[in-house]
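Worksheet: the structure to be examined is printed underneath.
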Amino acid sequence: MNRFTRAAATAALVSTLVLPAGVATAASPDTPASNAAAPASRAAVLPDPTGPYAVGSTVLSLVDRSRTDPWVPSADGRALMVTLHYPAAFPGGGRPVPYATREEARLLAEQLGPGVSGDELARTRTHSRSGVRPAPGRHPLVLLSPGFGVSRWTLTHLAEDLASRGYVVASVDHAYESYGISLPGGRVLTCVACAALDEGGVHGSVVTSTRAADMRYVLDRLTGPEPAWRYAGTIDARRVGMAGHSIGGASAATAMAADPRIDAGINMDGRFWEDLPAQGLRGRPFLMLGTHDGMHLPGGQDTTWDRTWTALDGWKRWITVAGSEHFTFSDGPVIARHFGLPQPELPTDRAVAVTRTYVAAFFDTHLRGLPRPVLDGPTPGNPEVHFQHR
């Protein structure tokens, strides 16, 4: 992999969610035959959050006019859509939060093939409510960055779970890097960056360095003197983490190297596009969580994991998950199960549980100082999880 191309991104996603048009499929072991094709009227439901809090949610539309957008220089600054999930004061109240806009879901569904309905995807039920107050106290902040070509809402099950455990979670859509991002007023940004990387030979480091700057701006707007969120006082700016999927995970390392405010980071199955500086991450912790196949095992096809592992200079773990695929660490398995599409070897419920367990344990340990023995090595309750280095 010398470049992160549009074709490669689409192929990775399609291999997880759908087969090419015209290929017949049978119900997988994870999907009962009677439910292999879900009725169009039945919406998918994200897994229940596991923490003690109800979950609130709001959306922020931000524009950083101090920078020129690298994909569309004529744009009026760098546009960012941010969904905040947070622990809510009381269960009930507020209004249900939609999974995605119809146009966002339609544009992603087009990439996934005729087996996926955009309207049905948009109706996926979340567990968040808008218009509710945050729970009292100050809460750690976790930034989330999605994979290339997909939107922030493809990490919703993880964001809701972290919020239910007491974190404020900011999931960020990066302008022109998704197949569809809805802005206020009905405007939709499409993936200009996809063509730039695929046809223009642009290196993936442009994405990771741009996303690092995006996260710096989001942090400024959430924790600075003029916060964009009315409840920003509930965020504890001394405890900030970042996680991402695919190139969003690689961006977590780049963002940490550039911004000392980010205390801990996770890369979920992403190729690193930039080497760490000589000083590493200045002792800050980092988790590499990936597939247990020829890609992200030590000595695997993606040599950037070996190189980055050596450069990490603080607490670190390299964990792989047997039976997983690239989009295991997102909402991909939930979407695939709902539409009766082929499933990876790892069942959907286990994919969700493993991702939530290890991401939350990492942030609990490094943002809250709570002991989480699940990070110390293999456990009987998680037989799919393998520790490559400790």
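The values are calculated or read from the model by the stated rules, or taken from the named source; none is laboratory data. Remember, it's a predicted structure, so these values are computed and weren't measured experimentally. Virtual Cβ from ideal backbone geometry, glycine too; neighbours counted across all protein chains shown.
Tabulated data for the structure shown
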| read-out | value |
| --- | --- |
| Any hit, region 246-268, residues being surrounded by 18 or more Cβ atoms within 10 Å (Cβ to Cβ), more than 26 Å from TYR176 (Cα to Cα) and either β-branched (Val, Ile, Thr) or free of Cβ contacts under 8 Å to residues at least 40 places away in the same chain (or both) | no |
| Pair list, Cβ < 9 Å and 6+ apart or interchain, from region 362-381 residues that are at pLDDT 95 or above and loosely packed, with under 13 Cβ neighbours inside 10 Å to residues that are among the charged types (D, E, K, R) and in a helix (DSSP H, G or I) | LEU370/ASP364; PRO371/ASP364 |
| Selection within region 317-352 - part of a helix (DSSP H, G or I) and under 15 Å from the mean Cα position of the chain (by Cα) | HIS326, PHE327, THR328, PHE329, GLY332, PRO333, VAL334, ILE335, ALA351, VAL352 |
| Pick from region 165-207, criterion among the hydroxyl-bearing types (Ser, Thr, Tyr) and surrounded by fewer than 24 Cβ atoms within 10 Å (Cβ to Cβ), ranking: farthest from LEU141 (Cα to Cα) | THR190 |
| Given (1) assigned to a helix (DSSP H, G or I); (2) on the phi > 0 side of the Ramachandran plot; (3) not aliphatic (A, V, I, L, M), index of the condition GLY166 fails | (1) |
| Criterion (in contact with a His (Cβ under 6 Å, 6 or more places away or on another chain), among the aromatic types (Phe, Trp, Tyr), modelled with pLDDT of 95 or more and not in a loop (DSSP other than H, G, I, E, B)) met by exactly one of TRP309, TRP305 | TRP305 |
| Answer from VAL218, VAL240 - the residue that is over 21 Å from HIS326 (Cβ atoms), of a type in the set (A, V, I, L, M, F, W, C) and part of a helix (DSSP H, G or I) | VAL218 |
| Test for ARG67: is it among the charged types (D, E, K, R), in a loop (DSSP other than H, G, I, E, B) and within 24 Å of LEU219 (Cα to Cα) | yes |
| Residue ID - surrounded by the most Cβ atoms within 10 Å (Cβ to Cβ), chosen from residues in region 65-96 that are more than 30 Å from ALA195 (Cα to Cα) and aromatic (Phe, Trp, Tyr) | TYR86 |
| Residues of region 38-86 satisfying the condition of being under 23 Å from THR124 (Cα atoms), without any contact (Cβ under 8 Å) to a residue 60 or more places away in the chain and hydroxyl-bearing (Ser, Thr, Tyr) | SER41 |
| Qualifying residue in region 131-150 (condition: aromatic (Phe, Trp, Tyr), surrounded by fewer than 23 Cβ atoms within 10 Å (Cβ to Cβ) and touching a residue at least 60 places away in the same chain (Cβ under 8 Å)) | no |
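To keep it simple, each residue is scored yes or no on (1) farther than 30 Å from ARG123 by Cα; (2) assigned to a helix (DSSP H, G or I).
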position: THR355; (1), (2): no, yes
position: ASP364; (1), (2): yes, yes
position: VAL374; (1), (2): yes, yes
position: PRO378; (1), (2): yes, no
